[in-house]
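Just below is one structure, and these are the notes that go with it.
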Amino acid sequence: MVMVSISNVAVQNHMRRLGGSVWTLSCCSVGEQQSYFPKRGQTLELVCESLAFKGKGVCKVTETGFVVLCDRALPGERFIGRVTRKKGNYAEVTKVKTLSPPPDIVDAPCVYAPYCGGCKTQNLSYQAQLIAKEDQVRDLLLHVGRFSLQLLALINPILPCHTQFHYRNKMEFSFAPQRWFPLESLQDSHNLYHNQNYALGLHAPGFFDKILNVDNCLLQSHPANKVLAAIQECWRDPQFGLSPYNVRSHKGFLKHLMLRTGRDVTTGLPEVMVNFVTSSYKPELLKFLVDRVSPFPEVVSVLNNVNTSVGNTSVGEEEYTLYGKSSITETLRGLTFQISANSFFQTNTCQAEVLYKLIEDCAGVRGDGSEVVLDLFCGTGTIGLTLAKSVRHVYGYEVVPQAIRDARLNAKINGIQNATFVQGDLNKIDENFGKNFPKPDIVISDPNRPGMHMKLIKFLLNLKAPRIVYVSCNPATCARDLDFLCHGSPEQNIKGCYKLISLQPVDMFPHTPHIECVCLLELQ
Ligand SMILES: C[S@@+](CC[C@H](N)C(=O)[O-])C[C@H]1O[C@@H](n2cnc3c(N)ncnc32)[C@H](O)[C@@H]1O
């Protein structure tokens with residue numbers, strides 16, 4: 001499967017578009033090609049041309065045209081960068097000094113923005129962020145998806161997100177025995193970085209063990225910020241004996257703090273779930289934190305996920321309800337959804353309304369109750385359930401057992417009886433997959449970032465459903481999968497049989513590199 005190389009492919013294609021080469025460069029007399037690769041530690045004068053995969057700036061060395069990648073370089077910015085590593089067949093640099101800022105630069109409202117791994121483009125105007133995302137989709141479709149320039153006309157302008165802050169309904173913060181201080185911050189006396197041990201916050205970009213302490217996050221809801229601030233105020237108090245988990249020594253108690261915000265479906269008021277992920281079950285240690293957060297009127301659920309593994313995941317082997325309910329609710333497209341701690345639910349609720357309306361429009365359900373929908377990677381069943389009222393039956397497949405339980409419950413809560421949800425790994429399907437449901441008229445496929453496994457692509461090419469709505473959160477794997485479905489691949493021994501009818505990029509996550517796309521494919 002091509003999965004492993006997709007990031008390289010995406011990067012290579014950005015480079016090709018810029019006319020740069022990672023290995024050779026015409027920097028000498030005509031006809032004389034000289035192998036060129038900047039040395040590790042070398043400083044270069046660079047211009048950022050565009051944003052690529054994962055939001056890294058694609059930059060050209062001003063004198064030579066050689067192309068490198070730089071985190072946090074913005075389109076139009078001229079800067080000095082230092083080569084940090086050769087990665088496969090390209091180089092990465094870190095920014096040392098900006099020589100001239102990009103034309104679309106704005107003041108980032110968040111104090112953590114220059115260092116935090118969450119928002120990387122807060123200091124780029126929103127309009128410029130949208131253009132960069134749209135360019136990226138077009139580029140990947142052209143080079144990875146092998147669609148012609150003519151077909152690129154099928155890409156609609158990206159749909160902006162009207163709420164650019166406080167849009168996330170879920171955030172996960174990590175505890176650590178030490179705070180990570182960015183080098184720059186040590187040189188100034190910014191009061192954010194007073195030298196205090198123990199961190200609760202977000203990962204430093206690219207590090208699993210370095211945590212930037214965060215008291216407030218401009219992406220999460222206001223009530224969730226109130227809860228975070230309250231916890232930050234007290235969790236270090238020695239009288240409570242709480243210790244942060246150390247991911248290297250595997251000692252310590254508090255691993256993660258997950259905050260989810262939903263809505264009471266009758267009052268419309270926010271509902272917050274506070275989930276403490278710990279390395280062992282010691283409810284007495286959490287008691288004072290529960291007492292601290294439960295008086296907030298928005299807090300309706302306090303949970304403890306116990307995860308004894310050495311991994312960094314927040315999903316517990318066991319879950320305990322310490323206060324209130326074990327789940328929260330949210331409404332989407334007129335339906336009510338129950339969300340538990342570890343189930344997937346679209347993280348930007350407002351924009352999910354826009355996304356789901358688009359999916360409904362692409363699905364083009366006739367509305368006579370005759371059609372069958374296959375909802376692949378169904379999560380808690382949200383997409384399938386929004387279509388269920390106008391079709392004969394929905395079959396949903398998903399790997400997470402709790403999500404399947406939630407999907408079944410969600411069907412029940414909404415009085416939907418024509419939906420069947422099955423737990424299973426879509427990367428491991430065999431020849432029996434497809435025997436338990438009738439041939440679908442519409443397939444919805446909404447995989448996570450790695451996209452669809454070749455087994456599933458082959459299944460879909462054999463199934464030949466009249467239409468596929470492919471919802472993707474990674475334009476690189478999306479372009480790859482569309483290529484397989486539309487053009488086939490001799491190496492994979494598959495023949496494409498779909499035609500791309502439309503592709504709509506949607507900005508679900510302003511200030512981050514993420515891009516969502518809704519693609520409509522019809523059987524040729
Ligand atoms: C992007 S989410 C989409 C969820 C849902 N369609 C929605 O809109 O809420 C992707 C879902 O795929 C599930 N998933 C990931 N890998 C899977 C696999 N190999 N087999 C089945 N489901 C998988 C995840 O648990 C997650 O719920």
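The table for this structure:
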quantity: Sequence-separation-based contact order of the stretch 104-162, relative, with Cα cut under 8 Å and 6+ spacing, percent; calculated: 26
quantity: Residues Glu172, Glu317, Glu284 arranged by fewest to most Cβ contacts within 10 Å; calculated: Glu284, Glu317, Glu172
quantity: Dimensionless Rg/Rh of the stretch 269-396 - Kirkwood Rh, Rg from C-alpha atoms; calculated: 1.09
quantity: Order by protection proxy (mean Cβ within 10 Å, highest first), peptides 319-325, 232-238, 442-448; calculated: 442-448, 319-325, 232-238
quantity: Least to most buried among Glu360, Glu330, Glu398, Glu318 (fewest other Cβ within 10 Å first); calculated: Glu318, Glu360, Glu330, Glu398
quantity: Relative contact order (%) - the chain, alpha-carbon pairs under 8 angstrom, separation at least six; calculated: 12
quantity: Förster radius 51 Å - calculated FRET efficiency between Asn246 and Lys439 (Cβ-Cβ, nearest 0.05); calculated: 0.45
quantity: Prolate/oblate/rounded call for the chain, Cα gyration tensor, a/c under 1.5 rounded; calculated: oblate
quantity: Rounded, prolate or oblate (a/c below 1.5 giving rounded, otherwise prolate when a/b exceeds b/c) for the stretch 410-449 by Cα gyration tensor; calculated: prolate
quantity: P(r) tail fraction, the stretch 170-330 - alpha-carbon pairs more than 28 Å apart, %; calculated: 19
quantity: Relative intensity, log₁₀ I(q)/I(0), of the stretch 401-524 from a Debye sum that treats every alpha carbon as a point, q = 0.10 Å⁻¹; calculated: -0.36
quantity: P(r) histogram, all alpha-carbon pairs of the stretch 75-119 included - 10 Å bins from 0, percent; calculated: 22, 41, 33, 4
quantity: Two-site FRET efficiency, Arg78 against Thr308, from Cβ-Cβ distance with R₀ of 56 Å, rounded to 0.05; calculated: 0.65
quantity: Footprinting exposure proxy for Ile457, Ile328 (fewest neighbouring C-beta atoms within 10 Å first); calculated: Ile457, Ile328
quantity: Filter on Lys60/Lys120; Lys86/Lys120; Lys428/Lys495; Lys389/Lys499; Lys97/Lys251; Lys226/Lys412 - keep pairs with C-alpha separation over 31 Å; calculated: Lys97/Lys251; Lys226/Lys412
quantity: Spatially proximal aspartates and glutamates relative to Lys455 (Cα-Cα < 18 Å; intrachain offsets below 8 disregarded); calculated: Asp375, Glu398, Asp425, Asp430, Glu431, Asp446, Asp481, Asp483, Glu491
quantity: Mean residue ellipticity (222 nm) of the chain, computed from DSSP H runs ≥ 4 via -39,500 (n - 2.57), nearest 500; calculated: -7000 deg cm²/dmol
quantity: Contour minus Cα-Cα distance for Glu491 and Lys97 (0.36 nm per residue); calculated: 137.3 nm
quantity: Full-stretch length increase - Lys357, Ile429 - with 0.36 nm per residue and alpha-carbon distance subtracted; calculated: 22.9 nm
quantity: Relative contact order (%) - criterion: Cα under 8 Å, at least six apart; region: the stretch 170-330; calculated: 19
quantity: 18 Å tail of the calculated P(r), the stretch 419-475, as % of Cα pairs; calculated: 34
quantity: Added length on full extension, which subtracts the Cα-Cα distance from 0.36 nm per residue, Phe165 to Asp237; calculated: 22.8 nm
quantity: Segments 285-291, 270-276 sorted - mean Cβ within 10 Å per residue, highest first; calculated: 270-276, 285-291
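Throughout, read-outs are computed from the coordinates displayed, never taken from laboratory work. Note that the structure is predicted; figures quoted are calculated from it, not measured. Every residue, glycine among them, receives a Cβ derived from its backbone with ideal geometry; neighbour counts consider all protein chains shown.
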